[in-house]
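See structure below.
The values are calculated or read from the model by the stated rules, or taken from the named source; none is laboratory data. Just so it is clear, the structure is predicted and the values come from calculations on it, not from any experiment. Every residue, glycine as well, gets a Cβ built from its backbone with ideal geometry; the counts of neighbours run over all protein chains shown. SASA here: full protein model, heavy atoms, side chains in, ligands and nucleic acids out. Shrake-Rupley method; radii C 1.70, N 1.55, O 1.52, S 1.80 Å.
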Amino acid sequence: MVSTILPLKLENVELRRGGRRILGPISLNLSGQGITIIMGPNGSGKTSLLRAMHGLERVRRGKVSWQSDIQTARAQQAFVFQTPIVMRRRVVDCIAYPLLLTGAARSVARKAAVEQAASVGLLDSVDLPAEVLSGGEKQKMALARALIRRPEVLFLDEPCANLDTKSMAEIEAILTAARDAGTRIVMSTHNVGQARRLADDVLFLWDGYLHEQGTKAQFFTATQTAEAKAHINGDLIP
Amino acid sequence: MNDILRGLAEAGQLVVTADADLVEITARSLQVSLGATIIASAIGLPFGAWLAVNRFRMRRTVIALLNALMGLPPVVVGLIVYVLFSRSGPLGVFGLLFTPTVMVIAQVIIITPIIASIAHQAIRELWADYHDLLISLNTTRGQRIKALLWDGRRALLTASLAGFGRAIGEVGAIMIVGGNIDHATRVLTTAIALETGKGDFALALALGFVLIALAIAVNLALHMLTRTEKDSRW
Ligand SMILES: Nc1ncnc2c1ncn2[C@@H]1O[C@H](COP(=O)(O)OP(=O)(O)OP(=O)(O)O)[C@@H](O)[C@H]1O
Ligand SMILES: [Mg+2]
């Protein structure tokens with residue numbers, strides 16, 4: 001799969017809320033293949049950056065642009081939220097919903113949804129109301145829903161935050177497979193081990209700034225900044 | 001107290017014998033108020049949802065206006081509809097005055113704001129939940145409203161039932177535009193007003209009990225139809 005919407009370009013993007021700068025200014029280019037991992041402490045702006053890239057935040061300063069026109073770009077992205085958003089429907093219908101939006105017949109969409117549910121380990125739960133799923137299961141449901149349209153670019157905001165190690169391994173396998181199939185993945189995580197396993201390159205945020213970035217090897221073996229070093233080592237940063 | 005007991009007894013008798021007049025006006029009550037509820041829901045529910053998902057300059061004004069319209073005095077609505085549809089009025093040519101149709105029209109005007117307003121409240125909460133997801137999925141405005149109406153259908157049923165409750169018990173407007181004509185526009189509420197005026201409290205009370213039973217029956221039937229109470233959470 002060759003991406004039609006990348007590269008994504010951020011130029012001096014800055015987000016302000018309530019008169020306070022919460023992100024940026026940040027400039028970066030997202031292109032090619034692979035998994036980009038966003039790291040950084042709580043409140044450093046990971047969620048804000050992902051949302052700005054995806055077009056969920058109104059960017060008043062700076063510019064976010066895709067290679068393609070915005071409509072094509074929007075149709076080719078998916079987002080997994082830090083807190084899963086659960087529709088008041090059965091699990092299978094939640095997962096099928098994005099397909100229905102693009103005009104798939106209900107039966108076709110349901111069938112695909114069941115397969116997608118199976119891939120994240122939710123096969124036994126497809127007929128339950130999504131609301132009753134556990135926190136981790138809701139995250140898996142959200143991942144299945146995000147994958148079902150086979151997006152070119154997939155944003156994930158701490159998708160494994162509530163998962164046990166077995167589920168995490170399954171999810172990581174799914175993400176790696178998606179990456180190998182050509183999906184460009186941008187994902188935030190607090191889990192350094194996960195970052196090491198999945199990353200092709202890393203963005204490290206600190207106080208809303210892009211404090212350090214590089215390929216996995218550069219970032220983990222030749223860390224430049226003290227803050228990133230401390231973060232990787234799990235030091236309690238003063 | 002005596003009157004009430006006699007009213008109950010008479011109500012029982014009217015129902016058991018399936019009194020022809022009672023059946024007729026009960027059916028008309030249902031026809032008018034259900035008709036008005038269906039039409040008002042078709043307008044009010046999507047409008048409430050639309051209002052919840054759209055940001056525009058006059059939004060607050062429209063919502064305030066909608067809430068104010070909830071308190072529209074039925075008598076005044078009836079009067080205005082009467083003037084509009086009277087022979088010399090702008091809509092007089094349709095010849096609808098003193099027909100069930102114009103009674104439906106008057107009730108639609110009275111209950112649409114109620115249904116729209118309650119729907120707006122419910123949908124606004126759901127929209128707050130769904131907002132990021134529906135934006136992220138690149139939905140069109142129509143798709144958003146559709147998803148919200150569908151997933152909020154339980155709350156919306158409540159909105160419609162509130163409208164129906166107002167309509168079935170309403171007397172001021174339909175009295176004026178319908179005229180309470182026997183075998184033409186008489187419904188339960190106008191019949192009650194008439195019998196009370198004539199001093200036949202037992203019959204009036206009997207009709208009143210039938211009216212209450214009817215309102216409850218419709219509520220239960222609709223809830224059962226949509227299995228609101230059966231599903232655990234929604
Ligand atoms: N709507 C808002 N109004 C005010 N402040 C906000 C708003 N949204 C985010 N912020 C602030 O912006 C900063 C960055 O938030 P963000 O959610 O991007 O952090 P994060 O890196 O994802 O943190 P975490 O690891 O806890 O998820 C935080 O300090 C947060 O309080
Ligand atoms: Mg976050």
Counting just the Cα atoms, what span does the stretch A:1-139 cover along each of its three principal axes? Round to the nearest Å and put the largest first.
46, 33, 26
Sorted on mean Cβ neighbours within 10 Å (highest first), peptides A:60-72, A:13-25, B:36-48, B:200-212 come out as B:36-48, B:200-212, A:13-25, A:60-72
Mean projection area, nm², convex hull over Cα of chain B:
15.9
GNM, chain A, Cα, under 10 Å: largest mean-square fluctuation among A:Ala117, A:Ala146, A:Ala161?
A:Ala161
The stretch A:100-180: C-alpha pair distances exceeding 15 Å, %:
57
If one puts a single equal scatterer on every Cα of chain A and applies the Debye formula without solvent, what log₁₀ I(q)/I(0) results at q = 0.07 Å⁻¹?
-0.23
Consider all pairwise Cα distances in the stretch B:81-141 and report the whole-number % of them above 15 Å.
66
What distance in nm separates the simple spin-label points at A:Asp207 and A:Ala222, each placed 7 Å from Cα in the Cβ direction?
2.6
The relative contact order of chain A, taking Cα pairs under 8 Å that sit 6 or more residues apart, comes to a percentage of 27
Okay, helix-only estimate at 222 nm for chain A: each DSSP H run of n ≥ 4 adds -39500 (n - 2.57), divide by all residues, round to 500 deg cm²/dmol; what do you get?
-11000 deg cm²/dmol
Whole-Å distance, taken between Cα centres, linking the stretch B:193-218 and the stretch A:117-193:
61
Accessible area (Å², per residue) of the protein assembly as shown, counting only protein heavy atoms and a probe of 1.4 Å
47
Any chance you could look up the accessible area of B:Val83 with a 1.4 Å probe, heavy atoms only, rounded to 10 Å²?
80
Contact order relative to length of chain B, as percent, for alpha carbon pairs under 8 angstrom and 6 or more apart
32
Please report how far the C-alpha centroid of the stretch B:17-81 lies from that of the stretch B:126-152, rounded to the nearest whole angstrom.
25
I'd like the mean, over residues of B:128-137, of how many other protein chain beta carbons sit within 10 Å of each residue's own Cβ.
6
Cα-centred dipole magnitude for the protein assembly as shown, charges only on beta-carbon of K, R (+1) and D, E (-1), debye, nearest 20:
1360
Could you give the nm distance between label points at B:Asp129 and A:Ala161, where each point is 7 Å from its Cα heading toward the beta carbon?
1.9
Exposure ranking of A:Tyr97, A:Tyr209 by accessible area [1.4 Å probe, largest first]
A:Tyr209, A:Tyr97
Running a GNM on chain A with Cα contacts under 10 Å, which residue among A:Pro159, A:Pro151, A:Pro98 ends up with the highest mean-square fluctuation?
A:Pro98
Angle in degrees between helix A:165-180 and the longest Cα principal axis of chain A, rounded to the nearest 10:
80
Run the reach check for A:Lys166 against lysines, Cα to Cα strictly under 29 Å, same-chain hits fewer than 8 apart removed. What comes back?
A:Lys46, A:Lys111, A:Lys138, A:Lys140, A:Lys216, A:Lys229
Rg to Rh quotient for the protein assembly as shown, alpha carbon positions, Kirkwood Rh:
1.15
Normalised by the residues of the stretch A:88-150, what does the relative contact order come to in percent, with Cα pairs under 8 Å and at least six apart?
48
Largest first, how would A:Glu158, B:Glu24 line up by accessible area (1.4 Å probe)?
B:Glu24, A:Glu158
Helix B:74-85 axis, angle to chain B major axis (alpha carbon atoms, nearest 10°):
90
Exactly which trypsin sites (Lys or Arg not before Pro) in the stretch B:54-157 are in a DSSP loop and have at most 13 other Cβ atoms within 10 Å?
B:Arg55, B:Arg57, B:Arg87
What whole-number value in cubic angstrom gives the convex hull volume per residue for the C-alpha atoms of the stretch B:119-191?
110
Burial order of peptide ranges A:44-50, A:28-34, A:198-204, A:121-127 (average beta-carbon count within 10 Å, highest first)
A:44-50, A:198-204, A:121-127, A:28-34
Rounded to the nearest 100 Å², what is the sum over both chains of accessible area buried where B meets A, with a probe of 1.4 Å?
1800
I want the local charge near A:Val92. Using Cβ-Cβ distances under 11 Å, sum +1 for each Lys or Arg and -1 for each Asp or Glu among the other residues.
+3
At R0 = 41 Å, FRET efficiency that the Cβ-Cβ distance of A:Arg61 and A:Val108 yields, to 0.05
0.40
How would B:Met224, B:Met58, A:Met141 rank on accessible area, largest to smallest, probe 1.4 Å?
B:Met224, B:Met58, A:Met141
For helix A:91-101, what angle does its Cα long axis make with the longest principal axis of chain A, in degrees from 0 to 90 and rounded to 10?
80
